[in-house]
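Since the structure comes first, as structure tokens, the remarks are kept for the end.
The values are calculated or read from the model by the stated rules, or taken from the named source; none is laboratory data. Bear in mind the structure is a predicted one, so any value in this text is a computation, not a measurement. Note that we place each Cβ from the backbone using ideal geometry, even for glycine, and neighbour counts take in every protein chain shown.
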Amino acid sequence: MSKARGNSSHPSKGPLPPGDGPNLHEFRYPNVPIKWIKRLDDEGREGNQAFIYRVRIAAQDYALKVFKFSNPKSNPFYWGTRLQNELPMKKAIFYTDPFYAECRAYGRIEDGRVDGHSKSPRIRQQTAVKCYGYLLLGDRDERWLMSQGHDFEADLLDSEVREALEGDTRVRAIVKHLDESPEPLHAGNIGRAWESVRLLNNYLKIYNMDIKANNFIGFRLADFGSSWTEPHEILQYLDKEGKDIANQKRGRDTQNFNDMIEEEQIPTRLRVVPTSRHQLRSKGEAPWAGRVLPKRRKRNTIKLD
Ligand SMILES: Nc1ncnc2c1ncn2[C@@H]1O[C@H](COP(=O)(O)OP(=O)(O)O)[C@@H](O)[C@H]1O
Ligand SMILES: [Mg+2]
């Protein structure tokens, strides 16, 4: 199943997305053949943004997330608001497309800081499954994936999106550390999982926007396809329109984290609350922010709230 890359006609693109914002470097072996070993995500799922494969590149196994294409016109924050008049498609795609969303988030995570803050390797190691860069697939890999029945939704590539991609419609992928036997979330790691989300939100200004159990591998997040990393054009637009909606979005991970604890029936008394000033309605931080609720006196029964 080893496939040669065959994309020699394209020069390297440098970090993506282009421009000043956070961005991700190319994987160190852009032209080494990929051996496709096995699909890692659930084949039956619908509405997915990508396919995940165990691959071997230069004798090392990785998880390769291969992205479908998308069109900003199907994003309600773009077509449904005045943002479409202010933000050209060429830029909008960097804030709405799942591949670019992951590139921006991982660019920030790898850097481990937002401007002016000091670098923290701990944040990089704690918060997310390690990323090794992006890859643009060659024709043969693309044909092989299509022969496996994958639809990259290239029909969404209208002339404006093609222009925004500068005519480069190679299939986009992100190389990550392979977790051979992903640990689920449970009472023993849920606190660290919240710490990951809290660090992402408050220190790196990354809002995952899709907090759910299968986007975690152990206590680390693995999926940033829906994430918003500041500075983010949609958040800036919402800030102008009325801070409440923007701050609601900034607090969404907190809300979703609580919902996840309930949905997954994780036997924990942890309930999280917004921990950053801008996520709170009132000024200042609540003294109980982000803490585990005190344990009940009677400890012989575990009752799920
Ligand atoms: N690095 C990884 N190692 C092992 N399995 C992974 C890895 N990344 C993703 N997966 C598997 O693939 C699934 C989907 O990955 P995800 O990034 O959430 O894709 P999508 O954006 O399509 O939801 C995960 O729930 C997990 O089961
Ligand atoms: Mg996912």
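Only one residue in A50, A63, A101, A105 is in contact with a strand residue (DSSP E or B) (Cβ under 6 Å, 6 or more places away or on another chain), within 16 Å of ligand 2 (Cβ to nearest atom) and under 15 Å from P22 (Cα atoms). Which one? Only one candidate passes the filter, namely A105. Beta carbons closer than 8 Å, at least 6 apart along the sequence or on distinct chains, pair a first residue in the stretch 217-241 that is under 16 Å from K205 (Cβ atoms) with a second that is within 16 Å of ligand 1 (Cβ to nearest atom) and acidic (D, E) for F224/E102; S226/D210; S227/E102; S227/D210. Taking the stretch 240-263 as the range and being charged (D, E, K, R) and crowded, with 16+ Cβ neighbours inside 10 Å as the test, the residues that pass are K249, R250, R252, D253. Considering the stretch 149-171, and only residues there that are in contact with a strand residue (DSSP E or B) (Cβ under 8 Å, 6 or more places away or on another chain) and surrounded by fewer than 20 Cβ atoms within 10 Å (Cβ to Cβ), the residue that is farthest from A63 (Cα to Cα) turns out to be D168.
Set side by side, the residues A58, A92 differ, and just one is away from ligand 2 (no atom under 16 Å from the Cβ), aliphatic (A, V, I, L, M) and free of Cβ contacts under 8 Å to residues at least 60 places away in the same chain, which is A58. Limited to the stretch 141-198, what total is found for residues that are among the acidic types (D, E), in contact (Cβ under 8 Å) with a residue 60 or more places away in the chain, within 16 Å of ligand 1 (Cβ to nearest atom) and under 15 Å from F219 (Cα atoms)? Residues flagged as among the acidic types (D, E), in contact (Cβ under 8 Å) with a residue 60 or more places away in the chain, within 16 Å of ligand 1 (Cβ to nearest atom) and under 15 Å from F219 (Cα atoms) within the stretch 141-198 amount to 1.
For the stretch 35-44, does any single residue satisfy the condition of being more than 16 Å from ligand 2 (Cβ to nearest atom), hydrophobic (A, V, I, L, M, F, W, C), surrounded by fewer than 20 Cβ atoms within 10 Å (Cβ to Cβ) and more than 16 Å from the chain's Cα centre (by Cα)? Scanning the stretch 35-44, I find at least one residue that is more than 16 Å from ligand 2 (Cβ to nearest atom), hydrophobic (A, V, I, L, M, F, W, C), surrounded by fewer than 20 Cβ atoms within 10 Å (Cβ to Cβ) and more than 16 Å from the chain's Cα centre (by Cα), so the answer is yes. In the stretch 96-113, the residues that are at negative phi reach residues that are of a type in the set (V, I, T) and in a loop (DSSP other than H, G, I, E, B) with C-beta atoms within less than 9 angstrom, at least six apart or across chains, in these pairs: R108/V114. Just name the residue that is farthest from ligand 2 (Cβ to nearest atom) out of those in the stretch 196-211 that are assigned to a loop (DSSP other than H, G, I, E, B) and either surrounded by 24 or more Cβ atoms within 10 Å (Cβ to Cβ) or within 12 Å of the chain's Cα centre (by Cα) (or both). Out of the qualifying residues, it is L204. Of everything in the stretch 212-246 that is within 16 Å of ligand 2 (Cβ to nearest atom) and assigned to a helix (DSSP H, G or I), the residue that is nearest to R269 (Cα to Cα) is A213.
Test of understanding: among E110, E160, which residue is part of a helix (DSSP H, G or I), within 13 Å of F69 (Cβ to Cβ) and at pLDDT below 95? Reasoning before the result, please.
Values: E110 fails: within 13 Å of F69 (Cβ to Cβ).
Going through E110, E160 in turn, just one is part of a helix (DSSP H, G or I), within 13 Å of F69 (Cβ to Cβ) and at pLDDT below 95: E160.
Taking residues in the stretch 12-35 that are closer than 15 Å to P231 by Cα, and partners anywhere that are assigned to a strand (DSSP E or B), the pairs with Cβ atoms closer than 9 Å and at least 6 places apart or on different chains are P17/L24; G21/T229; P22/I206; P22/T229; N23/L16. Inside the stretch 114-140, residues that are assigned to a loop (DSSP other than H, G, I, E, B) and in contact (Cβ under 8 Å) with a residue 60 or more places away in the chain make up a count of 6.
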